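The values are calculated or read from the model by the stated rules, or taken from the named source; none is laboratory data. Keep in mind it's a predicted model, so treat the numbers as computed, not measured. Cβ placement follows ideal geometry from the backbone for every residue including glycine, while neighbour counts extend to all protein chains displayed. Heavy atoms of the whole protein, side chains included, go into the accessibility calculation; ligands, DNA and RNA do not. Shrake-Rupley method; radii C 1.70, N 1.55, O 1.52, S 1.80 Å.
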Amino acid sequence: MTKIGFIGLGNMGGPMAANLVKAGHEVTGFDIVAAHTESLGTIGGHVAATVADAAAGRDVVITMLPAGHHVQDVYLNDGVLASADPGTLLIDCSTIDVATARSVAAEAAKAGLGMIDAPVSGGIMGAEGATLTFMCGGEEDDFAKAEPVLQVMGKTIIHAGGSGNGQAAKICNNMILGVSMIAVGEAFVLAEKLGLDHQKLFDISSTASGQCWSLTTYCPVPGPVPTSPANRDYAPGFTAGMMLKDLRLAQDAANAAGAVTPLGAEAAALYGLFDAAGHGGVDFSGIIKLIRGNQ
Ligand code: NAD
């Protein structure tokens, strides 16, 4: 049994914490939304009154927060680093910018605390079903300590290298995803204009060199892949707003690192238009509507 502090009990953190409770760990949670903290209490977890209470006296502290500034506040201002016992391992599972991940981990190291970044893919269903993929950055021995805890919440746990490399892996992967979804959407819209049937294009491209996840798992037109969001009017899934967040993080990182990513930049601009038109809550495969010009 591990004593775990869990901060940020929203759509992802709530079910992740629940899986830790189910596995027999002592989980003490905190969220600024009282109802989120209380619901952990109803399933066998403990309720903390503050971030500092959740962090003090734990073997491991896990955070699952919206963005980099929340992570910075919770660790540096609200008291995780000040309250955690010596030897406590810190695991940030939020998707945030690489620079903040590295700077918070450096502050943790100054306080004598090990920290890894461990963003996830797999969405809410993966969080509920404990099938998440964790992409981890940090020291080898901290990763080794984190692995058994992460295994309770996920299926694939990968050490991507030093601090921040989990975040780097996450945004590189999602840049591929955003760009490839737009490419697949453009191909279907061109096929429509050329009189080529959706199913025929799918049958050919899914077994030819155009094959990719955006086509074969998340096909953006209804029909060829019955489980894809296109068959339920683009209910998410993974929202366009979240894709936009990740594409912007990728652009920030590319600018800071001097990497040339013109397709990533274009994808961020297109998802930005889609979001500004009020479609941030739609599944990200709904971008095909923008491409068709009838959003
Ligand atoms: P969410 O908004 O549902 O949950 C975040 C929680 O953090 C909220 O309950 C909020 O009240 C809480 N919070 C904010 N500031 C806090 C503070 N100072 N102290 C304590 N609690 C605080 O978001 P989510 O969907 O659970 O996503 C969390 C992270 O996971 C994000 O970084 C997101 O990009 C990433 N992610 C989400 C998904 C998904 O499908 N939802 C998939 C992969 C990654």
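For the reader, a short list of remarks on this structure follows.
- Looking across segment 119-134 at every residue that is without any contact (Cβ under 8 Å) to a residue 60 or more places away in the chain and crowded, with 24+ Cβ neighbours inside 10 Å, the one that is farthest from the ligand (Cβ to nearest atom) is identified as Phe134.
- Residue count for segment 19-48, restricted to those that are under 22 Å from the mean Cα position of the chain (by Cα) and either within 10 Å of the ligand (Cβ to nearest atom) or surrounded by fewer than 18 Cβ atoms within 10 Å (Cβ to Cβ) (or both): 7.
- Subset of segment 185-225 [closer than 30 Å to Cys93 by Cα and either open to solvent by less than 30 Å² (accessible area, probe 1.4 Å) or touching a residue at least 12 places away in the same chain (Cβ under 8 Å) (or both)]: Cys212, Trp213, Ser214, Leu215, Tyr218, Cys219, Pro220
- Asp78 open to solvent by 60 Å² or more (accessible area, probe 1.4 Å), free of Cβ contacts under 8 Å to residues at least 60 places away in the same chain and touching a helix residue (DSSP H, G or I) at 6+ places or on another chain (Cβ under 7 Å): yes
- Members of segment 105-136 that are among the small types (Gly, Ala, Ser) and modelled with pLDDT of 95 or more: Ala105, Ala106, Ala108, Ala109, Ala111, Gly112, Gly114, Ala118, Ala127, Gly129, Ala130
- Scanning segment 232-264 for residues that are touching a residue at least 12 places away in the same chain (Cβ under 8 Å) and surrounded by fewer than 18 Cβ atoms within 10 Å (Cβ to Cβ) turns up Ala235, Gly241, Arg248, Asp252, Ala256, Leu263.
- Residue list for segment 1-11, restricted to those being near the ligand (Cβ under 9 Å from one of its atoms) and among the aliphatic types (A, V, I, L, M): Ile7, Leu9
- Qualifying residue in segment 3-15 (condition: open to solvent by 40 Å² or more (accessible area, probe 1.4 Å), of a type outside the set (Ser, Thr, Tyr) and assigned to a helix (DSSP H, G or I)): no
- Contact annotation: residue pairs with Cβ atoms under 6 Å, 6 or more positions apart or on different chains, pairing a residue in segment 143-167 that is open to solvent by 50 Å² or more (accessible area, probe 1.4 Å) with a partner that is of a type in the set (S, T, N, Q), are Lys155/Thr131; Thr156/Thr133.
- When restricted to residues that are open to solvent by 10 Å² or more (accessible area, probe 1.4 Å) and in contact with a Leu (Cβ under 6 Å, 6 or more places away or on another chain), segment 85-100 contains 1.
- Residue, nearest to Ala101 (Cα to Cα), within segment 49-82, restricted to residues that are among the small types (Gly, Ala, Ser) and near the ligand (Cβ under 10 Å from one of its atoms): Gly68
- The single condition among (1) part of a helix (DSSP H, G or I); (2) open to solvent by 50 Å² or more (accessible area, probe 1.4 Å); (3) touching a helix residue (DSSP H, G or I) at 6+ places or on another chain (Cβ under 8 Å) that His70 does not meet is (3).
- Identity of the residue in segment 267-282, touching a residue at least 60 places away in the same chain (Cβ under 8 Å) and closer than 23 Å to Ala191 by Cα, that ends up most open to solvent (accessible area, probe 1.4 Å): Leu270
- Here Gly14 meets the list (1) modelled with pLDDT of 95 or more; (2) more than 9 Å from the ligand (Cβ to nearest atom) almost entirely, failing just condition (2).
- Selection status of Ala240, under 15 Å from Asp283 (Cβ atoms), in contact with a His (Cβ under 7 Å, 6 or more places away or on another chain) and within 16 Å of the ligand (Cβ to nearest atom): yes
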